[in-house]
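Following: one structure in structure tokens, then a few remarks.
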Amino acid sequence: MAVFLSLVLLVTGILELYYYIPTPTDAALSVQTITYLVPFGGLIRNLHFWSAQLLIIVSAVHLLRVVFTGAYAAPRRFNYLIGLGLFVVLILLNFTGYILRWDQGIQWALIVGVNLVKTIPAVGNFLYRLITGADTPGAATLLRFYAWHIFGLMLPAGILIIWHVFQLRRDGGIAMPAPGMHSDTSRITRFELVRRETVAVLLLSTLLLLLAILVPAPIAPAIENITTIPGDSLAPWFFLWVQQMLKWGDPLLWGVFVPLIMLTILIIIPYGLPIPKNAELGRWLPKSNRLAQIILVVMASLVILLTLLGTRSN
């Protein structure tokens, strides 16, 4: 599903490039042109948007599945890190694509997001200039986000996807008990595998088309004043939990350190927590890695709860 969604994003993104203009005066207008004037442009843009959202959800569910089945044990520890890095890159791709709308709906994410970087000790100002290209967000900022979205993040994402799948094959497929530790040694045929994948793609395509037709991608008037934040401007849904935490106080603590701590915990799961036993690999909720399961459930529940609170309070 993740690979299929990535392919949909690639094709629809290439089609959008023919009409998108990465300048502050034309970006929002070109998005409106794609949506309302280009034949099937609205459908293509909606497919691109919903593929990006579903890819984040599918990737998050995949991460949960890996931990809940102990599929990060050796020799899959390195591939777990590749997948985690890919997940971060996909979130950044989604965020940079969100900013490319350059309309009033993205002003909170743009202004607060880049200002969070400023709070990082020692390197904050350097990173801020690196991202924005100037003292305040403007034309250089949009051009840099465009470059990151098309080249700086897309190329690493493609490399990591191929590497992740290759490493999976090299490690012997999905995690399962060692030979002699499981009673069922049967394997599905290639025909059955292709049938299941075809059914999954058809179902996912149907869902994508329904979402694209019934629920249009967000669109808003062009930005009038980049230095102000409209009252109804929000972070993208996958960063609403961070927006909610920023209401608690220090932006460096809640907007930078807490997300980095959570990412660090995910990184050390295969190395610093109990490793699943060979006999339990591939089985749901093995007892041998219960601590990792509990930690992930707590973090996921916190993110979901804060996201819901951010949605309701705004």
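The values are calculated or read from the model by the stated rules, or taken from the named source; none is laboratory data. This is a predicted model, so every value here is computed, not measured. Note: ideal-geometry Cβ built from the backbone for every residue, glycine included; neighbour counts use all protein chains shown.
Structure data summary
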read-out	value
Odd one out for THR136 among (1) among the hydroxyl-bearing types (Ser, Thr, Tyr); (2) crowded, with 16+ Cβ neighbours inside 10 Å; (3) at pLDDT below 90	(2)
Conditions (1) modelled with pLDDT under 95; (2) assigned to a helix (DSSP H, G or I); (3) surrounded by 18 or more Cβ atoms within 10 Å (Cβ to Cβ); number of the one not met by ILE34	(1)
Residue in the range 61-71 that is outside any helix (DSSP H, G or I), surrounded by 19 or more Cβ atoms within 10 Å (Cβ to Cβ) and out of contact with any Leu (no Cβ under 6 Å at 6 or more places or on another chain) present	yes
Qualifying residue in the range 97-119 (condition: over 28 Å from ILE21 (Cβ atoms), out of contact with any Ser or Thr (no Cβ under 7 Å at 6 or more places or on another chain) and modelled with pLDDT of 90 or more)	no
Filter result for ARG312 (among the charged types (D, E, K, R) and in a helix (DSSP H, G or I))	yes
Test result for TYR72, farther than 23 Å from TRP163 by Cα and touching a helix residue (DSSP H, G or I) at 6+ places or on another chain (Cβ under 7 Å)	no
Yes/no for ILE275 being over 28 Å from LEU54 (Cα atoms) and β-branched (Val, Ile, Thr)	yes
The range 198-247, residues that are among the small types (Gly, Ala, Ser), within 28 Å of VAL3 (Cα to Cα) and either in contact with a strand residue (DSSP E or B) (Cβ under 6 Å, 6 or more places away or on another chain) or not in a loop (DSSP other than H, G, I, E, B) (or both)	ALA200, SER205, ALA212
Pair list, Cβ under 6 Å, 6 or more apart: the range 281-295 residue more than 16 Å from ARG65 (Cβ to Cβ) and modelled with pLDDT of 90 or more, other residue aromatic (Phe, Trp, Tyr) and in a loop (DSSP other than H, G, I, E, B)	none
Within the range 277-309, considering residues that are in a loop (DSSP other than H, G, I, E, B) and of a type in the set (D, E, K, R), the one nearest to ALA60 (Cα to Cα)	ARG283
